1. Please give the contour-minus-distance gain from residue 66 to residue 101: 0.36 nm per residue of separation, less the Cα-Cα distance, rounded to one decimal in nm.
2. Can you tell which of 78, 56, 69 shows the greatest fluctuation in a Gaussian network model of the chain with Cα springs below 10 Å?
3. Let me know the Rg and Dmax you get for the chain when you use only its Cα atoms, in Å.
4. So what's the back-of-envelope 222 nm ellipticity for the chain, counting only DSSP H runs of four-plus at -39500 (n - 2.57) apiece and dividing by all residues, rounded to 500?
5. Only Cα pairs under 8 Å and at least 6 apart count here; give the relative contact order of the chain as a rounded whole percent.
6. Relative to the longest principal axis of the chain, what angle (0 to 90°, nearest 10) does the C-alpha long axis of helix 93-119 take?
7. Angle between the Cα long axis of helix 68-84 and the longest principal axis of the chain, 0 to 90 degrees, nearest 10?
8. May I ask you to compute the full-extension gain from residue 76 to residue 8, defined as 0.36 nm times their residue separation minus their alpha-carbon distance, rounded to one decimal in nm?
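Throughout, read-outs are computed from the coordinates displayed, never taken from laboratory work. Everything quoted here is computed from the prediction, not taken from an experiment.
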């Protein structure tokens, strides 16, 4: 029961992140609601299922390269969303890097805001 609202919030956060990336970078073009919805869903599923697996498998490389391979894994997740979603294209390495940074920043800010609202003590909770 609690899973569905969290899933929808995470999906909305990814949609917002893709919207910000589309607004900031000329190399990112996302046209239409379907592109945002599908792109955010693919990004969320890929980050939940594939990213942890790839991180564990490439952990020695991540350590040796001081995290550069982890950036490449994040770029691959965005690339997968681009490949599957219609009317979603990213041109150039730096546009990918910028998109990854924007997605990370929007997710971090949203989690901080939502985390603080969840931790706030409720009035009259002992009554």
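1. 10.9 nm
2. It is 56.
3. 16.5, 58
4. -24000 deg cm²/dmol
5. 35
6. 10
7. Result, in degrees: 90.
8. 22.2 nm
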